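Reading through the structure tokens given below for one structure.
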Amino acid sequence: MREPSASSIAPVVIGCLLAAPCGPRLVRADAGPPYLTNDPGTPGDGNWEINLGAVPTIERGVSSYQIPQFDLNFGVGDRIQLTYEIPYVREMRAGEPTASGWGNGYPGLKWRFFDRGEEGWQLSTFPQLETEGSNAAERAGISVPGPRLLLPVEVARKVGALSLNFEAGYYPSWHGPEERILGFVVGHALTPQLELDTELYNDHQMGTSPDVVTLDVGGRYRLQRSLILLFMTGRSISGNAPGQVQLMGYFGVQILLSDYGRKLGGEP
């Protein structure tokens, strides 16, 4: 699982989103940071989208903190995005000294190959290469062997007041096990500044059991034209068994820059 209550929470969260008043939109409610699921959106030609986050993940016997997680995105034309993600990881295991260092990097290229506008279907592919970490980071368990290739497809569609986003991805068995990811985000903009979403995410390594299925809620709050607050918290829906996520989160900011970074930006 790249990063990472109960199932009875899901109907409550979705019900709250459906009941929320429909007002002017902040932006289309999408996946992407602070969520694990990605979406077909791109920053726009010559624009930067920079996400800086603190990402805690707590499992039985191990606590991991990405502080910071860098997520840099640059638009080339209206439908292509260049991306580089990398976290600085601090990990604590029961009975072991704390380990810290740079985790695996994720350079990637997103292409939105089908676009029927804000109200229609949007589809993209976003291949990313999970680069190999240092030998010290691998020995400490804060990075995994690599490189590994992620091959995903993202789909988005607006349905009434809700925005729906879905991603399915596959890691071939190259420098690691076969792995499949599925993510779904549903969201709604409550006010021109505030958007709330809920996400269901499934990560499965082929030949192992059980799956890791997490449910989280989060949102975005526009502090000013080019600065957006990002927040999310959630956990596994499978209880506290080994390998399951007891708590995860994302807390950070999104910075939008336009004209190749020469001025503050707004909505893509």
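Observations on the structure shown:
- Selection from region 36-88 of residues that are polar (S, T, N, Q), closer than 26 Å to residue 200 by Cβ and touching a Ser or Thr at 6+ places or on another chain (Cβ under 6 Å): 57, 64, 73, 81
- In the set (1) touching an Asp or Glu at 6+ places or on another chain (Cβ under 8 Å); (2) at pLDDT 95 or above, the condition left unmet by residue 223 is number (1).
- Against the list (1) in contact with a Phe, Trp or Tyr (Cβ under 9 Å, 6 or more places away or on another chain); (2) within 30 Å of residue 133 (Cβ to Cβ), the condition residue 176 fails is (1).
- Residue among 221, 250 that is under 19 Å from residue 73 (Cβ atoms) and among the aromatic types (Phe, Trp, Tyr): 250
- Scan of region 166-198 for residues that are small (Gly, Ala, Ser) and out of contact with any Gly (no Cβ under 9 Å at 6 or more places or on another chain), ordered by number: 173
- Residue 38 vs. criteria assigned to a strand (DSSP E or B), of a type outside the set (Asp, Glu) and at pLDDT 95 or above: no
- Inside region 41-64, residues that are among the acidic types (Asp, Glu) and in a loop (DSSP other than H, G, I, E, B) make up a count of 1.
- Where residue 82 falls short, out of the listed (1) surrounded by fewer than 19 Cβ atoms within 10 Å (Cβ to Cβ); (2) closer than 23 Å to residue 234 by Cβ: (2)
- Which numbered condition residue 165 misses (of (1) more than 20 Å from residue 62 (Cα to Cα); (2) surrounded by fewer than 21 Cβ atoms within 10 Å (Cβ to Cβ); (3) in contact with a Phe, Trp or Tyr (Cβ under 8 Å, 6 or more places away or on another chain)): (2)
- Members of region 68-110 that are in contact with a Leu (Cβ under 9 Å, 6 or more places away or on another chain), among the aromatic types (Phe, Trp, Tyr) and closer than 15 Å to residue 137 by Cβ: 106
The values are calculated or read from the model by the stated rules, or taken from the named source; none is laboratory data. Since the model is a prediction, treat every value here as computed from it, not as a measurement. Methodologically, a virtual Cβ is constructed for each residue, glycine included, from the backbone with ideal geometry; neighbour enumeration extends over all protein chains shown.
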